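The values are calculated or read from the model by the stated rules, or taken from the named source; none is laboratory data. Here the structure is a predicted model, which is why all the values come from computation and not from measurement. Cβ placement follows ideal geometry from the backbone for every residue including glycine, while neighbour counts extend to all protein chains displayed. The accessibility values were calculated without ligands, DNA or RNA, using every heavy atom of the protein model including side chains. Shrake-Rupley method; radii C 1.70, N 1.55, O 1.52, S 1.80 Å.
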Amino acid sequence: MISIKSSREVEIMKESCQLAARTLNFIEKKLKVGMTTEEVNQLCHDFITDAGAYPSPLNYHGFPKSVCTSLNEVICHGIPSEKDVLKDGDLLNIDVTTFYKKFHGDTNRTFYIGNVSEEKKKLVRTTYECMMAGIGVCKPGARLGDVGAIIEEIAHDNGYSVVHEYCGHGIGREFHEDPQVLHYGKKGTGVELKPGMTFTIEPMINMGKRHCKLLKDDWTVITKDGKPSAQFEHTILITDDGYEILTLDPDGRQEPALD
Ligand code: MF3
Ligand code: CO
Ligand code: CO
């Protein structure tokens, strides 16, 4: 069942979404070589709880930390650890989900640590482009297959692959609601979008092949070929004539710095 949010619900949910985005702005300024992903986790945890919210990942199906930190070949669901030290040239995705006033807001960005190679930067920029293009086709009457198709097209045009096993999702009073939002697909197919739907678009794009592997910790997903992967995520609302990005940067920055 796909829930349709009322405008009152959307206003509250947007507060949660904006808090998630502000958490990313906050942590971005703290990132530096030598820091551990556990420190990232602790800083985000405190920022979220200080705002009166709960970090949705914590204890979600047993997830042990408050955010996901996915480095380089980690596709998603990386577990923050004191053993993971940020080093020059790394790509670090931080995925923040907040539960505030009974609604979840979910967003992630991939950050550059120190000096990142042009090859990796191109992957990150393309992944951002994929997410924004997917968002761009959203409006009442469009279909989820349109979203997947355009993401896949851009990824393939650049020689990259799209992860199939993990997808975007409806979101609201629950962290993961219907529908599933695949990042590949066929135009004109799938669920028809309607005003009041809220869901995430969060493509995971691999530099090499699309195949992934789940580590023994039962959470960390890595690329099978060991090549880097990048991801961006926004929570969006379908409006009467298009979409609104609920997790848009509250500091007024329209785009992350990816040069
Ligand atoms: N935030 C992730 C998503 O975008 C889900 C993380 S689930 C967790 O859907 F348990 F790993 F936190
Ligand atoms: Co999500
Ligand atoms: Co997320």
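Tell me yes or no: at least one residue of region 57-66 is within 23 Å of ASN25 (Cβ to Cβ) and away from ligand 3 (no atom under 16 Å from the Cβ). No, region 57-66 contains no residue that is within 23 Å of ASN25 (Cβ to Cβ) and away from ligand 3 (no atom under 16 Å from the Cβ).
Annotation note: of GLY114, GLY145, the sole residue that is outside any helix (DSSP H, G or I) and either under 16 Å from the mean Cα position of the chain (by Cα) or in contact (Cβ under 8 Å) with a residue 12 or more places away in the chain (or both) is GLY114. Highlighted here are the strands (runs of 3 or more DSSP E) found entirely within region 179-222 that include at least 1 residues which are hydroxyl-bearing (Ser, Thr, Tyr): 198-201.
If you go through region 66-105 and keep only what is open to solvent by 20 Å² or more (accessible area, probe 1.4 Å), among the aliphatic types (A, V, I, L, M) and either in contact with a Leu (Cβ under 8 Å, 6 or more places away or on another chain) or away from ligand 1 (no atom under 15 Å from the Cβ) (or both), you end up with LEU71, VAL85.
Just one residue in the set THR235, THR247 is touching a Cys at 6+ places or on another chain (Cβ under 6 Å), part of a strand (DSSP E or B), within 16 Å of ligand 1 (Cβ to nearest atom) and of a type outside the set (Lys, Arg); that residue is THR235. Scanning region 60-75 for residues that are in contact with a His (Cβ under 6 Å, 6 or more places away or on another chain) and assigned to a loop (DSSP other than H, G, I, E, B) turns up at least one hit.
Taking region 229-252 as the range and being modelled with pLDDT under 95 and open to solvent by less than 80 Å² (accessible area, probe 1.4 Å) as the test, the residues that pass are ASP249, PRO250, GLY252.
The residue that is farthest from PRO228 (Cα to Cα), among those in region 120-139 that are outside any helix (DSSP H, G or I) and in contact (Cβ under 8 Å) with a residue 24 or more places away in the chain, is LYS139.
Applying the set (1) more than 16 Å from the chain's Cα centre (by Cα); (2) over 28 Å from TYR54 (Cβ atoms) to ARG173 leaves exactly one unmet item: (2). Among residues of region 186-228 being among the hydroxyl-bearing types (Ser, Thr, Tyr) and buried (at least 23 other Cβ atoms within 10 Å of the Cβ), the one that is farthest from ARG125 (Cα to Cα) is THR198.
Can you name the residue in region 178-200 that is touching a Cys at 6+ places or on another chain (Cβ under 8 Å) and not polar (S, T, N, Q) and, of all such residues, is nearest to GLY134 (Cα to Cα)? Result: HIS183. Can you tell me how many residues in region 54-65 are farther than 19 Å from CYS17 by Cα and surrounded by fewer than 22 Cβ atoms within 10 Å (Cβ to Cβ)? Final tally of qualifying residues: 5. A Cβ distance below 8 Å, combined with a sequence gap of six or more or placement on separate chains, defines the contacts here; from region 31-56, residues that are at positive phi reach residues that are assigned to a strand (DSSP E or B) in the pairs GLY34/VAL85; GLY52/TYR100.
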